[in-house]
Amino acid sequence: MRYNDQYQSWRNDPQKFWADQVQNLQWQTTPEKIFEHNESGDRWYVDGVMNSCFNCVDRHVEAGHGARIAFIHDSPITGTKSQISYAELLDRVQCVASMMQDKGIKKGDRVIIYMPMIVETAIAALACARLGAVHSIVFGGFAAAELATRLDDAKPKLVLAASCGLEPGRIIEYKPLLDGAIELASHKPEACLIWQRNEAPAPLYDRRDFEWQALEDQARASEKRANCVPVLATDPLYILYTSGTTGIPKGVVRDNGGHLVALSWAMENIFNIAPGEVFWSASDFGWVVGHSFILYGPLAIGATSVIYEGKPIGTPDAGAFWRVVSEHSVKALFTAPTAFRAIKKEDPQGKLVGDYDMRAFQTLYLAGERVDPDTINWAESALGVPVIDNWWQTETGWPICANPVGIELLPIKKGSPSVAMPGYELAVLDEGGKPVAANETGAIVVKTPLPPGCLPGLWQNQDGFEAAYLEDYPGYYKTGDAGFIDKDGYLYVMSRTDDIINVAGHRLSTGGMEEVLAGHDDIAECAVLGVNDALKGELPLGLLVFNDGVNRPNTEIVAECIQKVRDEIGPVAAFKLAVRVERLPKTRSGKILRGTIRKIANGEDWKMPATIDDPAILDEITEALKIIGYPTEKTA
Ligand code: COA
Ligand code: AMP
């Protein structure tokens, strides 16, 4: 069936479309109620009973595919490569789940996983799924305070952590960050199980700390094996925190049944991957791409997934991706455009591609931020494969818009992530909530109910869920993105409607950074906004108003502010641009004119806002921005 036929068949009978997909999984009780809107909201497969770990691991072993490779781990940072078959993975997951059971973990308990790009991270998540426990993976580039917020919200019984993560030339010791977070948080986990890495084993000095390796070995020696705990399709599988408009991240919940149904559909129909084929998502387990397309998606269909601990450049060079593709016969690669911009900068002619055998490679998928046509052109000509932009969010868990290569390759329009996938009906609305004409820009929304796999809510925050996503446009889910749909139904995502920025494919809240800066003793007021960056897409830039009477050097205070964001949010915030200003430009009602400042910093045309309180302030801002080199030649 072609894309149009599939999309129409979904529109004609959404429940039948999603009922037909349940056969891709093994259920303990096959769902009969496909969809229900009940007091807790929209729910898929309400009477279905299954287990996500069983479907991702045991099922393939039972079907005779135990020898097939589940994960290939490739770490140019440690210089190691390894692989684990589905049968070996099953053994490890059973033992780790059993060690977690010994620590009291049962269905519904939360477990925080604070780990880098190693196979144990996947094992930890699968072991949680096996027990019906709810995992929450926290990205290693976040600081202790961010981890503390997640401890307090998820209230985990257990934390599984590695002793360290590895960045090129730098070891990030996780244990001090974890200890610091537990110190800061009101909620204290009962135990921390630490996977000791040779690069920096952590001292275990506390009655709460245990060495994971020793406990896993004990579980294996005692022949304890944890069985899969049956869960309802609607039971939570994980919580993934993502940036919202404040410093408090939103706990996006993912259920079990709808999630695996949707990912199985996406793996086949969007990513064109079949069982046994090699798929590589060059992302991190800490992001949604890692959850969906390093871990659950590939395993749900019995494919092989690459776990890469390295960077697109510098580990050791801009040919790193091509080496991985050729050595592991990768069929499709998924990454963020920023990775390609980094490669293109170092190897503009794409010469390094020629050093590798890329015959297995068929498609490149890019997502996480807007893909600029230049990057697509470069990737297409360097690699000679289709470059597929796809658009989605942590909340949806799988692409809203894509070019469904597994069904058919539709014409590619550069700058557009193509068309809506079955399950998603898009609209672009004006400020009054009315649909706009084709090619006109407005707020991009999705008609509710959202399809299986999308968030059923925020963790223990139904009101917050409704306020953030459902209230502004009744009958629609608000994506927070703005853009337009052309006459052929192709979407163009142009910007955010809130204060989220996208830095190197990482979603960050400028509001969250402002909260941190406002906590500095010498800061009276501040504004953070995203400025264009040729490599990372956007970079946060802070304007700082000092308290009256502060008489220390500007540079000293600015440096402290930059360090404060790094310490409290983490290096991933990439907050390195800040400057002192005397006053911030505001409207007469007191709203900071961030949009205008942004345009000035980017060297774009801007108009004096009619509502501005004091136009002279914009001249002051223009002068202050020059001090830190904005607008730059590149952004202007
Ligand atoms: N643990 C600890 N620190 C981390 C980290 C992690 N897991 N990941 C990143 N950091 C640090 C980096 O070392 C860097 O620190 P620095 O300020 O001391 O240099 C900082 O966070 C910012 O990281 P990043 O924005 O990623 O920049 P970078 O200069 O290290 O790398 C790219 C730039 C483009 C190569 C890199 O962003 C990249 O590979 N992106 C791929 C896209 C991606 O994975 N997106 C995720 C969603 S799909
Ligand atoms: P995250 O939840 O971290 O995946 O970030 C989701 C946000 O990233 C979206 O709401 C968009 O703002 C942006 N985004 C993701 N993919 C794309 C894309 N293909 N094109 C444009 N923006 C994108």
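The values are calculated or read from the model by the stated rules, or taken from the named source; none is laboratory data. This one's a predicted model, so the numbers in the text were calculated from it and none came from an experiment. Positions of Cβ are backbone-derived with ideal geometry, glycine not excepted, and every protein chain shown enters the neighbour counts. In case anyone asks, the SASA skips ligands and DNA or RNA and just uses the protein heavy atoms, side chains included. Shrake-Rupley method; radii C 1.70, N 1.55, O 1.52, S 1.80 Å.
The stretch between A518 and A467 holds 15.8 nm of extra length on full extension. This uses 0.36 nm per residue minus the Cα-Cα distance. Dipole magnitude for region 253-402: about 40 debye, using +1 per Lys or Arg Cβ and -1 per Asp or Glu Cβ, origin at the Cα centre. Only Cα pairs under 8 Å and at least 6 apart count here; give the relative contact order of the chain as a rounded whole percent. That works out to 11 percent. Reported to the nearest whole Å, the Cα centre-to-centre distance from region 321-348 to region 13-70 is 33. Distance from the C-alpha centroid of region 549-600 to that of region 163-231: 37 Å, rounded to the whole angstrom. With helices as the sole contributors, the chain gives -8000 deg cm²/dmol at 222 nm; each DSSP H run of n ≥ 4 counts as -39500 (n - 2.57), and the sum is divided by every residue. Sparse packing (at most 13 other Cβ atoms within 10 Å of the Cβ) combined with a DSSP loop state is found for the following GluC sites (Glu not before Pro) in region 1-106: E32, E39.
Peptides 126-135, 168-177 ordered by packing proxy, namely the average of other Cβ atoms within 10 Å per residue, highest first: 126-135, 168-177. Summary value for region 504-627: 22 percent relative contact order, contacts being C-alpha pairs under 8 angstrom separated by 6+ residues.
Placing dummy labels 7 Å off each Cα toward the beta-carbon, the span from K106 to H65 is 3.4 nm. Do any of K487/K586; K345/K626; K188/K478 go past 28 Å between their Cα atoms, and which? Table pairs above 28 Å Cα-Cα are K487/K586; K188/K478.
How would region 443-535 be classified by its alpha-carbon gyration tensor: rounded, prolate or oblate, with rounded meaning a/c under 1.5 and the a/b versus b/c comparison settling the rest? Because a/c hits 1.5 or more and a/b fails to exceed b/c, region 443-535 counts as oblate.
Would you please classify the overall shape of region 507-636 from the alpha carbon gyration tensor, given that a ≥ b ≥ c denote the square roots of the eigenvalues, rounded means a/c under 1.5, and beyond that prolate means a/b larger than b/c while oblate covers the rest? Note, shape of region 507-636 comes out oblate. Here is the list for region 203-285: GluC sites (Glu not before Pro) lying in DSSP coil, each with at most 14 other C-beta atoms within 10 angstrom of its C-beta, are E223. The residues of the chain expose, per residue, 38 Å² of accessible area to a 1.4 Å probe. On the basis of the beta-carbon distance and an R0 of 51 Å, V385 and N547 show a calculated FRET efficiency of 0.35.
Ligands, DNA and RNA aside, L409 has an accessible area near 90 Å² when probed at 1.4 Å. Taking the Cα centre of the chain as origin and assigning +1 to Lys and Arg Cβ atoms and -1 to Asp and Glu Cβ atoms, the resulting dipole is close to 740 debye.
Each DSSP beta bridge with both residues in region 504-627 is either parallel or antiparallel, and the antiparallel ones are about 75%. Of the cross-linked pairs K106/K447; K106/K331; K250/K434; K576/K607; K16/K106, those separated by over 32 Å at the C-alpha level are K106/K447; K106/K331; K16/K106.
List the GluC sites (Glu not before Pro) within region 406-500 that fall in a DSSP loop (any state other than H, G, I, E or B) and whose Cβ has at most 10 other Cβ atoms within 10 Å.
Here the sparse-neighbourhood loop sites are E431.
Taking every DSSP beta bridge that has both ends in the chain, the antiparallel portion is near 60%.
Report, to the nearest whole %, how much of the accessible area of the chain belongs to carbon and sulfur atoms, 1.4 Å probe, protein only. Roughly 48 percent of what the probe reaches on the chain is carbon or sulfur. Comparing Cα centroids, region 481-529 and region 384-452 end up 20 angstrom apart. From largest to smallest, the equivalent ellipsoid semi-axes obtained for the chain from the alpha-carbon gyration tensor read 37, 30, 25 Å.
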